[in-house]
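Undergrad: Pasting a structure below so you can have a look.
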Amino acid sequence: MSKRPAHPEADVPRLVQRDGVYNVVWTEPAIRDAAGQIVAGARTKRLGLRTRDPETAKARFAAFLTEGQAFAAGAGGPDRLSVAAALDQYYREHVSEHDSDPARAEYAIRHLKSFFGDMPFPDVDIPACREYAKARRAGSIGGGARVSGDRKRGGNSTVRRELVVLRAAANHAARWKRLGPAAVPPTAMPTFELPDETATGDEVLFLDRAAVHTLLLAAEGPLHHFCKLVYWWGARRGWVERLHVDQVNFETGRVNPYKKGERVTNKRRVMAPVFPQIAGNLAWLVERARAGNGYLFGAESADFYRPFNRLCTELGYADRANPHVLRHSRATHMLMAGESIYKVARLLGDSVQTVERVYGHHSVEYLMEKKR
């Protein structure tokens, strides 16, 4: 077999950016036999240069043009584990099999991949983490959901949680010997910096009691029941969306945090009381679920984010159009009503320190001290 010359510019390497990271892109020409028939089509190849800095990219591009495949086979070669690949492996090999809330990890992974992309994992460092945090706070990255026309911004606690997922993916890759000293060839481990969580006194958005009442009156059907359960339990929406009839026990007046056979994890989950205010909602949902597949909201994949977002926007609460605001609202209302921080912490499944840090400035004790 022989190669027919390609178009004179077809295989000229080009310096391009992909998700902010510089890459070399070139086309390998099609291979033809002696009769001119194509036996292997042209292929586009890409080599990540592991940098967002234009001057560094130019220097590495020049080295690639000079050294060719020798450069590609070295430390800057395409075989190095990328962040996107490591996150996919982490999700497939760990999260989907062992995580009790894979949707939450998937949400974080989507944001991380949109920023880091094909950056080699060893190149993740403190400046990169700070740039990610800056981008999330500014709303320049953020999946799908939009508030007032802008991408949904991530606060410190959200950014911290997502970078913890990135760190977990790195540790997973190291255990599988894809990253770190045990990898072949050996590589450096990335370094991480996690932003501080919400400081005491920082304002957390919530709906006042009148707004919650308005929201519940406006919500219809399953959305109405969903909102009541999330609010009264101060729950995270994902847990409520996946509730099964096996978890509800009207005799004990409790809703088990785990389904039958579900693996118990180290994550805080608490029994949810069947408050009188939601007993009717639960009874209606359970009766319907028993006639169906057992899930209170029809499927384990139920998702009320968009319906909730639309309703809040229609009611003028666009800046609080996330179901998590109901959890914030419940905690805030309890503290304003004089309930102890310990009781709020038990209901939310949070530590007393977390409740005090995030919501403590709404407590009666705190407000009395401020007046002195």
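The values are calculated or read from the model by the stated rules, or taken from the named source; none is laboratory data. Because the structure is predicted, anything quoted here is derived from the model rather than measured. Positions of Cβ are generated from backbone atoms using ideal geometry, with glycine treated the same way; all protein chains shown enter the neighbour counts.
Undergrad: Just give me the residues in the stretch 94-137 being farther than 30 Å from Val240 by Cα and aliphatic (A, V, I, L, M), in sequence order.
TA: Across the stretch 94-137, the qualifying residues are Met119, Val124, Ile126, Ala128, Ala135.
Undergrad: Further, regarding this structure: Out of Arg346, Arg310, Arg306, Arg330, report the one residue that is of a type in the set (D, E, K, R) and crowded, with 21+ Cβ neighbours inside 10 Å.
TA: None of the others qualify; the one that does is Arg330.
Undergrad: Going by the conditions given, is Gly253 at positive phi, touching a helix residue (DSSP H, G or I) at 6+ places or on another chain (Cβ under 8 Å) and small (Gly, Ala, Ser)?
TA: In short, no.
Undergrad: Here are some conditions: (1) within 20 Å of Arg161 (Cα to Cα); (2) modelled with pLDDT of 85 or more; (3) of a type outside the set (S, T, N, Q). Pro120 meets all but one. Which one does it not meet?
TA: Going through the list (1) within 20 Å of Arg161 (Cα to Cα); (2) modelled with pLDDT of 85 or more; (3) of a type outside the set (S, T, N, Q), Pro120 breaks only (1).
Undergrad: Restricting attention to the stretch 260-278, does a residue exist that is under 16 Å from Leu223 (Cα atoms) and under 20 Å from the mean Cα position of the chain (by Cα)?
TA: No: zero hits.
Undergrad: Listed residues Gly154, Gly144; which is at pLDDT below 90 and surrounded by fewer than 20 Cβ atoms within 10 Å (Cβ to Cβ)?
TA: Gly144
Undergrad: So, one more: Output the strands (runs of 3 or more DSSP E) that fall wholly within the stretch 1-94 and possess 1 or more residues being within 34 Å of the chain's Cα centre (by Cα), of a type in the set (Val, Ile, Thr) and at pLDDT 70 or above, or say none.
TA: Counting at least 1 such residues, we get 14-18, 21-28, 43-48.
Undergrad: Moving to a separate point now. It is to be established whether one or more residues within the stretch 168-176 are surrounded by 19 or more Cβ atoms within 10 Å (Cβ to Cβ), part of a loop (DSSP other than H, G, I, E, B) and modelled with pLDDT under 90.
TA: There is no residue in the stretch 168-176 that is surrounded by 19 or more Cβ atoms within 10 Å (Cβ to Cβ), part of a loop (DSSP other than H, G, I, E, B) and modelled with pLDDT under 90.
Undergrad: Does Trp284 qualify as being modelled with pLDDT of 95 or more, surrounded by fewer than 19 Cβ atoms within 10 Å (Cβ to Cβ) and out of contact with any Asp or Glu (no Cβ under 9 Å at 6 or more places or on another chain)?
TA: Working: modelled with pLDDT of 95 or more: yes; surrounded by fewer than 19 Cβ atoms within 10 Å (Cβ to Cβ): yes; out of contact with any Asp or Glu (no Cβ under 9 Å at 6 or more places or on another chain): yes.
It is true that Trp284 is modelled with pLDDT of 95 or more, surrounded by fewer than 19 Cβ atoms within 10 Å (Cβ to Cβ) and out of contact with any Asp or Glu (no Cβ under 9 Å at 6 or more places or on another chain).
Undergrad: Output the qualifying pairs, or none if there are none: Cβ atoms under 7 angstrom, residues six or more apart or on different chains, first residue in the stretch 44-62 and in contact (Cβ under 8 Å) with a residue 12 or more places away in the chain, second residue of a type in the set (Lys, Arg).
TA: Qualifying pairs under 7 Å: Leu49/Arg60; Thr51/Arg60.
Undergrad: Considering Tyr295, Tyr317, Tyr342, Tyr366, which residue is among the hydroxyl-bearing types (Ser, Thr, Tyr) and either within 26 Å of Val95 (Cβ to Cβ) or at pLDDT 95 or above (or both)?
TA: Tyr295
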